[in-house]
Structures are given as structure tokens and as C-alpha cells.
Amino acid sequence: MHQDEFFKIVGIIIVCFFIIYMVVNMFHLQTKVIEGLTNPDGTIIPSATSPSSGEAGTAASYSASIRAQVVKLQDELLIDRYRNDYEAVIVNLDDYFGFSMLKLALNLNMNDDNTANFEIINKLNALKNAKESLNATMTFLDRQ
């Protein structure tokens, strides 16, 4: 009986070493395979690159890469779930830009030189463009 127990222990040890060997090999394999990164020689897998433009024969693949980016953004933003939060952000930004425009308009000084006033006017124009962009963003959000 003593000899049977010895063989069982040796068998268990061999099986344990085999399992450890397999686990170590699996982790070692994982260090060689990295998805989405470049190869060790610095090249990128051609199928992973997106075409630089939609000219001629690359238009279909260019369109597919754009669609893939749209799907990725949809998955990140989850508009159905966070629509109210996004609308609140846009409305609050619109108010912020409006009050900033009012403050800048009240800071125009007719007695100073025109360069300071031109800087304020440029800031006003930038805020107006930002408000128009927010309106376009809200329109887009309403279509989703």
C-alpha cells in the first residue's frame, strides 16, 4: 500500500507540473500576440489601416472605415441612455457662452485704442460661432 501512495503522489506532481507548464506557455504566447498594435519591425497590418482618402478604388474601404468610426462613437456615447445629460450640457454651455458674450460686450471701451476692442470683438465672434456650433450639435442630437 505504501508503494501505491508513492505512485499516486508522483503522478499528482507530474500532472501539476504539466498544468503549470501549460499555464506558463499560455502567458508566454500572450506576450507575442498584441492586437491593434504594430509589428516588432514597425509595420502596420494593411487590413488594419484606413485609407487616407476616398479616391477611386479606395472609396468603398474609406466609407467602411468611416462607418466603423461612427459605430465606435455611437458605442462610446450611448445617446439613448444619456440624451438628457447631453442636452443639459449643451443648454448650460449655450448659457455660459451667452453670458460670456454679454460680459465681453460690456467691456468694450470706446476711449481705448482700437486694438483692445478688436480683440474683444474677435472673442465675441468666436463665442458666436461656438453658440452656432452648439445649435448644430443640439439639432444633431435631436435627430438621433
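Would you say T49 is loosely packed, with under 12 Cβ neighbours inside 10 Å, at pLDDT below 85 and within 30 Å of the chain's Cα centre (by Cα)?
Values: loosely packed, with under 12 Cβ neighbours inside 10 Å: yes; at pLDDT below 85: yes; within 30 Å of the chain's Cα centre (by Cα): yes.
Taking the combined requirement at face value, the residue satisfies it.
Filter segment 76-102 down to the residues that are among the basic types (K, R) and surrounded by 11 or more Cβ atoms within 10 Å (Cβ to Cβ) and list them by number.
Within segment 76-102, the first condition is being among the basic types (K, R), and the residues that meet it are 81, 83.
R83 - this is the single residue of segment 76-102 that is among the basic types (K, R) and surrounded by 11 or more Cβ atoms within 10 Å (Cβ to Cβ).
The values are calculated or read from the model by the stated rules, or taken from the named source; none is laboratory data. In this text the structure is predicted, and so the values were computed from the model without any measurement. Positions of Cβ are backbone-derived with ideal geometry, glycine not excepted, and every protein chain shown enters the neighbour counts.
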